[in-house]
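Undergrad: Following this message is one structure expressed as structure tokens.
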Amino acid sequence: MTTSRDFLEVDDLTHAELSALLDTMVEWKDDPRAIPKPLAGRGVALVFEKPSARTRNSGEMAVVGLGGHPITIRHDEISIDVRESAEDVARTLAAFHAIVAARVFDHTVLERMSAAVDIPIVNLLSDRAHPCQALADLLTIRELLGSLEGRRVAYVGDGNNVAASLAYGAALTGLELVVSSPAGYELDELVVDRARNLGGVIELVSDPLDAVVGADIVYTDTWTSMGEEAEADVRREVFRGWQVDDVLMAAAGADARFLHCLPAHRGEEVAASVIDGPASAVWLQAANRMHSKRALFAFLMEDDFLKEEA
Ligand code: CP
Ligand code: NVA
């Protein structure tokens, strides 16, 4: 039985914790002198079974900002469940680090790591969830719109890990979410049910043109996630009608903004004219990966310190 706080999905946080975390992100972004150093003299392991540009760099810089030392470990250096078990990897890393963060193919690897050690485990993307992305998404939407509650996000595309974490993030902050995906690629029913149980307003609609009407934000992600490359040709056909293009953005309205977790595939899930056009806020969103993860790591350390003092 381990007691430390993990962050495997957004709903590991309560409504109040997520709200406070978002306030901290804004506060520290506005005033970097307010950033504490809870990781001074401590390490954070960042393990990657899949490639990354934003998550690795934002993660390393978030740790540095909190006074800590990040060590990034690539899959071929550690080979979880091949060279040694996920549990033994976690036990080893916990001997040197305050937090273990990992990007994995199989979400259950994170759960096994969590069960094996008593330090925070953070999900840097799994087949099921991308909660650190959702934190940056919420911060970005709050910055763009000034608020989250009652605002409307249309997610157009694959009902994948990014969509699932966005659904939980929306549910916990009062953002309304409309999701349009091709048949067979919808958001998992369990995710929709859980998000609704958290108070979320989630609509599932088949036509992307219907989904975007009244949206403040139009969001999409790749049609083929990492690990699904063998399905890429089929997915290109299935998702053809779900490209976020100028027609879709026009249907959303003149003030609608565009978000994408990146990496983007121009001409597939998004038209170049949209992602490179005036509605796009994807570079603010990418930069917010660091601001959001810094607040998250500090929150997890705060919890750790509280536990040590108890
Ligand atoms: N959005 C995101 O997680 O990007 P990377 O895969 O580059 O980390
Ligand atoms: N859904 C994508 C997100 C990449 C950041 C994937 O899992 O590959």
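Any read-out appearing in this document is the output of simple, stated calculations on the displayed coordinates, not a laboratory observation. Keep in mind the model is a prediction, meaning the values are calculated, not measured. So basically every Cβ, Gly included, is an ideal-geometry build from the backbone, and we count neighbours across all protein chains shown.
Undergrad: Of all residues in segment 201-250, which are under 20 Å from the mean Cα position of the chain (by Cα) and more than 21 Å from Cys261 (Cα to Cα)?
TA: The answer is Val201, and nothing else.
Undergrad: If you go through segment 147-185, how many residues are closer than 19 Å to Pro208 by Cβ and either without any contact (Cβ under 8 Å) to a residue 12 or more places away in the chain or within 16 Å of ligand 2 (Cβ to nearest atom) (or both)?
TA: Looking only at that region, the number is 15.
Undergrad: Within segment 205-237, count every residue that is away from ligand 1 (no atom under 14 Å from the Cβ), touching a residue at least 24 places away in the same chain (Cβ under 8 Å) and of a type in the set (Gly, Ala, Ser).
TA: Counting residues in segment 205-237 that are away from ligand 1 (no atom under 14 Å from the Cβ), touching a residue at least 24 places away in the same chain (Cβ under 8 Å) and of a type in the set (Gly, Ala, Ser) gives 4.
Undergrad: Of all residues in segment 104-146, how many are within 10 Å of the chain's Cα centre (by Cα) and more than 30 Å from Val82 (Cα to Cα)?
TA: 5
Undergrad: I would also like to ask the following. How many of the residues making up segment 252-275 are over 18 Å from the mean Cα position of the chain (by Cα) and not in a helix (DSSP H, G or I)?
TA: Taking segment 252-275 as the starting set, the residues that turn out to be over 18 Å from the mean Cα position of the chain (by Cα) are 252-257, 265-275.
The next check asks that each one be not in a helix (DSSP H, G or I); those that pass are 253-257, 265-271.
So the answer is 12.
Undergrad: Without any contact (Cβ under 8 Å) to a residue 24 or more places away in the chain and in a loop (DSSP other than H, G, I, E, B): is that true of Pro278 in this structure?
TA: Details: without any contact (Cβ under 8 Å) to a residue 24 or more places away in the chain: yes; in a loop (DSSP other than H, G, I, E, B): yes.
It is true that Pro278 is without any contact (Cβ under 8 Å) to a residue 24 or more places away in the chain and in a loop (DSSP other than H, G, I, E, B).
Undergrad: Hey, any hits in segment 136-150 for a residue that's assigned to a helix (DSSP H, G or I), aliphatic (A, V, I, L, M), buried (at least 22 other Cβ atoms within 10 Å of the Cβ) and away from ligand 1 (no atom under 16 Å from the Cβ)?
TA: Applying the first criterion (assigned to a helix (DSSP H, G or I)) to segment 136-150 yields 136-145.
Pick out the ones that are also aliphatic (A, V, I, L, M) and you get 136, 138-139, 141, 144-145.
Right, trim to buried (at least 22 other Cβ atoms within 10 Å of the Cβ) and you get 136, 138-139, 141.
Now narrow it down to the ones that are away from ligand 1 (no atom under 16 Å from the Cβ): none.
No, every residue in segment 136-150 fails to be assigned to a helix (DSSP H, G or I), aliphatic (A, V, I, L, M), buried (at least 22 other Cβ atoms within 10 Å of the Cβ) and away from ligand 1 (no atom under 16 Å from the Cβ).
Undergrad: Can you tell me which residue among Asp221, Asp188 is in contact with a His (Cβ under 7 Å, 6 or more places away or on another chain), closer than 26 Å to Asp106 by Cβ and not polar (S, T, N, Q)?
TA: Numbers: Asp188 fails: in contact with a His (Cβ under 7 Å, 6 or more places away or on another chain).
When all the criteria are applied, what remains is Asp221.
Undergrad: Mind listing just one residue for me: the one in segment 21-37 that is free of Cβ contacts under 8 Å to residues at least 40 places away in the same chain and of a type outside the set (Asp, Glu) and, of those, nearest to ligand 1 (Cβ to nearest atom)? Steps first, answer last, please.
TA: Taking segment 21-37 and keeping what is free of Cβ contacts under 8 Å to residues at least 40 places away in the same chain, we get 23, 27, 30-34, 37.
When the remaining residues are screened for being of a type outside the set (Asp, Glu), the result is 32-34, 37.
Details: Pro32: 23, Arg33: 28, Ala34: 26, Lys37: 25 Å.
Across segment 21-37, the extreme among qualifying residues is Pro32.
Undergrad: Consider Ala298 carefully, then state whether it is outside any strand (DSSP E or B), of a type in the set (A, V, I, L, M, F, W, C) and either away from ligand 1 (no atom under 13 Å from the Cβ) or out of contact with any strand residue (DSSP E or B) (no Cβ under 8 Å at 6 or more places or on another chain) (or both). Talk me through it step by step, then tell me what you get.
TA: Values: outside any strand (DSSP E or B): yes; of a type in the set (A, V, I, L, M, F, W, C): yes; either away from ligand 1 (no atom under 13 Å from the Cβ) or out of contact with any strand residue (DSSP E or B) (no Cβ under 8 Å at 6 or more places or on another chain) (or both): yes.
Yes; evaluated as a whole, the condition is true for this residue.
Undergrad: As an exercise: evaluate Leu166 against (1) within 14 Å of ligand 1 (Cβ to nearest atom); (2) part of a helix (DSSP H, G or I); (3) over 22 Å from Val244 (Cα atoms) and give the number of the one condition it does not meet.
TA: (3)
Undergrad: Continuing with the same structure: Cβ contacts < 7 Å: first residue on the phi > 0 side of the Ramachandran plot and away from ligand 1 (no atom under 16 Å from the Cβ), restricted to segment 38-59; second residue among the hydrophobic types (A, V, I, L, M, F, W, C) and assigned to a loop (DSSP other than H, G, I, E, B), any location; separation 6+ or different chain. Result?
TA: No pair meets every condition.
Undergrad: Shifting gears a bit: How about segment 229-251: which of its residues are assigned to a loop (DSSP other than H, G, I, E, B) and out of contact with any helix residue (DSSP H, G or I) (no Cβ under 9 Å at 6 or more places or on another chain)?
TA: So the first thing to find is which residues in segment 229-251 are assigned to a loop (DSSP other than H, G, I, E, B), and the list is 239, 243, 245.
Passing the criteria: only Phe239.
Undergrad: Looking only at residues in segment 1-59 that are among the acidic types (Asp, Glu) and more than 15 Å from the chain's Cα centre (by Cα), which one is nearest to Leu110 (Cα to Cα)?
TA: Within segment 1-59, the subset among the acidic types (Asp, Glu) is 6, 9, 11-12, 17, 23, 27, 30-31, 49.
Then keep just the ones that are more than 15 Å from the chain's Cα centre (by Cα); that gives 17, 23, 27, 30-31, 49.
Details: Glu17: 22, Asp23: 27, Glu27: 30, Asp30: 33, Asp31: 33, Glu49: 12 Å.
Here the residue is Glu49.
Undergrad: Could you tell me which numbered condition Ser225 fails, if it satisfies all but one of (1) buried (at least 22 other Cβ atoms within 10 Å of the Cβ); (2) within 16 Å of ligand 2 (Cβ to nearest atom)?
TA: Status for Ser225: all satisfied but (1).
Undergrad: Which residues, counting only those in segment 269-301, are acidic (Asp, Glu) and either closer than 27 Å to Asn123 by Cα or surrounded by 21 or more Cβ atoms within 10 Å (Cβ to Cβ) (or both)? Explain how you work it out, then say what you get.
TA: Of the residues in segment 269-301, the ones acidic (Asp, Glu) are 269, 276.
Selection gives Glu269 alone.
Undergrad: Is it the case that some residue within segment 248-267 is at positive phi and either surrounded by 23 or more Cβ atoms within 10 Å (Cβ to Cβ) or away from ligand 1 (no atom under 16 Å from the Cβ) (or both)? Before the answer, list the steps.
TA: Initially, segment 248-267 is screened for residues at positive phi, giving 253, 262, 267.
The next check asks that each one be either surrounded by 23 or more Cβ atoms within 10 Å (Cβ to Cβ) or away from ligand 1 (no atom under 16 Å from the Cβ) (or both); those that pass are 253, 267.
Yes, segment 248-267 contains at least one residue that is at positive phi and either surrounded by 23 or more Cβ atoms within 10 Å (Cβ to Cβ) or away from ligand 1 (no atom under 16 Å from the Cβ) (or both).
Undergrad: Report yes if some residue within segment 174-195 is within 15 Å of ligand 1 (Cβ to nearest atom), closer than 23 Å to Ala287 by Cβ and either surrounded by fewer than 24 Cβ atoms within 10 Å (Cβ to Cβ) or under 17 Å from the mean Cα position of the chain (by Cα) (or both); otherwise report no. Let's see the steps before the verdict.
TA: At the first step, the residues of segment 174-195 found to be within 15 Å of ligand 1 (Cβ to nearest atom) are none.
There is no residue in segment 174-195 that is within 15 Å of ligand 1 (Cβ to nearest atom), closer than 23 Å to Ala287 by Cβ and either surrounded by fewer than 24 Cβ atoms within 10 Å (Cβ to Cβ) or under 17 Å from the mean Cα position of the chain (by Cα) (or both).
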